[in-house]
Amino acid sequence: MKYVIVGNGVASIGAIEGIRRVDPEGTITVVSDEKFKTYGRPLISYFLAGKVTNERISLRDDSFYEDNKVELKLGQKVKRVDPEKKIIYLENEEKVDFDKLLLATGGTPFCPPIPGSDGPGVYFFTTLAHAQTLNEVCKELKKVVVIGGGLIGLKAAESLFDRGVEVSIVELAPRILSAAFDDVAGNIVANRLKKLGFNIYCDTTAREIKRDTNGQVKGVFLQDGRILEADGVVIAIGVVPNVTLAREAGINVNRGIVVDENLKTSAPDVYAAGDVAEALDFLWQEPRVTPIWPNAYSQGFIAGQNMAGAERKYGGGLAMNSIGFYGLPTISAGIANPPEDGGYEVLTYVDEEKEIYRKLVFKGDKLVGYVLVGDVDKAGRFTGYIRNQVPVTQEVKLHLQDNRPTPLEWPEDIFQQRWNPQARLR
């Protein structure tokens, strides 16, 4: 059996391990336009900040690929996929045939049409190559504007700030972290960053990147009329699924590559996993793109097993974000910002002076989402309530609000199934 994987992120690692769980002998070829072996993308901010080296951000030892009999084709871009002939075509004119194919092409940075964005001094921050580029020019930068106040933008801003750069964050939404967190959590983080010296501008965005006669970045004009001086700009608005190969191959694409419960695409023997896949969301019970690491790995692992002949169903991804800012940890999971008319119940606890915030979102008698800031030690227990769909009484809801989650309050059948190893074997 010939397995080919396009992309070399965490979904690819999962797929390799999934394939080898079922088929120890089939050939595996991994093709990636990146020049690096698989690395931890969340760690690129620590690399830019000078806190880790290239070696420290690798996901697996160098022996991983050899041990799993994987042929690597790094720094090579796939030009076209032909599902009928079962061939992928590389830009160097090489052809690679397959019996089973996994598309794990991830996402690409979204860049809106901002006048002045083409040219030197404008950067992205989603890959190790992006971080290396910023690392090379960082010592020459004095003031940088980061366009985007989400997770990627804030980690880029933090890394540059740690290198002595004056940083201004520009966010179109009324608050930073608007997608993953809520107003209270976003404001707590924003206040922490402002006290440290970050400049934060919300409810506006870049209208134009201003350059001098030599083409060098001089500043950013905002839509609200303000002008921010800068000699560099990082665009970190977000990423979009990299579906080009799939779409051009005639594979069904919506926001991401559409897959079924086995991670199969609309093309026979072609699978998709990771940030590019539009797969089942555990809570919403509908297909969604959920670009987070645990989902990418589990999708890759299940897809790999199925490529090798298993019949495993993907149970659905759970949105989760965990990030810290200068000693202030934050975590959100599930439906953190529920629609107002959806019949949700929200319980909160906040101590802004101590920078502690807890928000719990219930749908009927089930916990379906939470936001934690400051005190996050029991996040795993809250996630357990969500993952196991544990029914809770109003009394238990108040215990959760008081930060007292415990499996001892779970119904006996769910407790035995989840925590008793012998019960799980029966």
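The values are calculated or read from the model by the stated rules, or taken from the named source; none is laboratory data. Small disclaimer: the values here were computed from a predicted structure and weren't measured. As a convention, Cβ positions derive from the backbone with ideal geometry for all residues, glycine included, and neighbour counts pool all protein chains shown.
Observations on the structure shown:
- Within the span defined as the stretch 203-225, every residue fails to be outside the structural domain of residue 335 (by TED's automatic domain parsing), closer than 30 Å to residue 77 by Cα, among the β-branched types (Val, Ile, Thr) and not in a strand (DSSP E or B).
- Evaluation of residue 40 against (1) in contact with a Leu (Cβ under 7 Å, 6 or more places away or on another chain); (2) farther than 29 Å from residue 310 by Cα (one fails), failing number: (2)
- Test for residue 134: is it among the aliphatic types (A, V, I, L, M), crowded, with 20+ Cβ neighbours inside 10 Å, in contact with a strand residue (DSSP E or B) (Cβ under 7 Å, 6 or more places away or on another chain) and not assigned by TED's automatic domain parsing to the domain that holds residue 17: yes
- Scope the stretch 32-42; condition surrounded by fewer than 18 Cβ atoms within 10 Å (Cβ to Cβ) and closer than 27 Å to residue 165 by Cα; matching residues: 40, 42
- Where residue 47 falls short, out of the listed (1) surrounded by 14 or more Cβ atoms within 10 Å (Cβ to Cβ); (2) at pLDDT 90 or above: (2)
- Residue ID - surrounded by the most Cβ atoms within 10 Å (Cβ to Cβ), chosen from residues in the stretch 270-296 that are part of a strand (DSSP E or B) and aliphatic (A, V, I, L, M): 277
- Residues satisfying the stated conditions in the stretch 176-202, i.e. in a loop (DSSP other than H, G, I, E, B) and under 21 Å from the mean Cα position of the chain (by Cα): 176, 177, 178, 179, 180, 181, 182
- In the stretch 230-266, residue nearest to residue 153 (Cα to Cα) [restricted to those that are part of a loop (DSSP other than H, G, I, E, B) and under 18 Å from the mean Cα position of the chain (by Cα)]: 236
- Helices (runs of 4 or more DSSP H) wholly inside the stretch 315-419 containing at least 3 residues that are of a type outside the set (D, E, K, R) and buried (at least 18 other Cβ atoms within 10 Å of the Cβ): 379-387
- Whichever residue in the stretch 155-175 is over 20 Å from the mean Cα position of the chain (by Cα) and in a helix (DSSP H, G or I) and, among such residues, is surrounded by the fewest Cβ atoms within 10 Å (Cβ to Cβ): 162
Rundown of residues vs (1) out of contact with any Pro (no Cβ under 8 Å at 6 or more places or on another chain); (2) polar (S, T, N, Q); (3) under 20 Å from residue 51 (Cβ atoms), yes/no style:
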position	(1), (2), (3)
169	yes, no, no
173	yes, no, no
187	yes, yes, no
193	yes, no, yes
197	yes, no, yes
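- The listed residue being of a type in the set (Gly, Ala, Ser) and in contact with a Gly (Cβ under 6 Å, 6 or more places away or on another chain), out of 319, 273: 273
- The residues on offer are 57, 28, and the sole one that is of a type in the set (Val, Ile, Thr) and within 26 Å of residue 134 (Cβ to Cβ) is 57.
- Considering 100, 143, the condition of being touching a residue at least 60 places away in the same chain (Cβ under 8 Å), farther than 30 Å from residue 258 by Cα and among the charged types (D, E, K, R) is satisfied by 143 alone.
- Check on residue 316, closer than 30 Å to residue 3 by Cα, touching a Lys or Arg at 6+ places or on another chain (Cβ under 8 Å) and not acidic (Asp, Glu): no
- Qualifying residue in the stretch 309-318 (condition: closer than 26 Å to residue 46 by Cβ, modelled with pLDDT under 95 and among the small types (Gly, Ala, Ser)): yes
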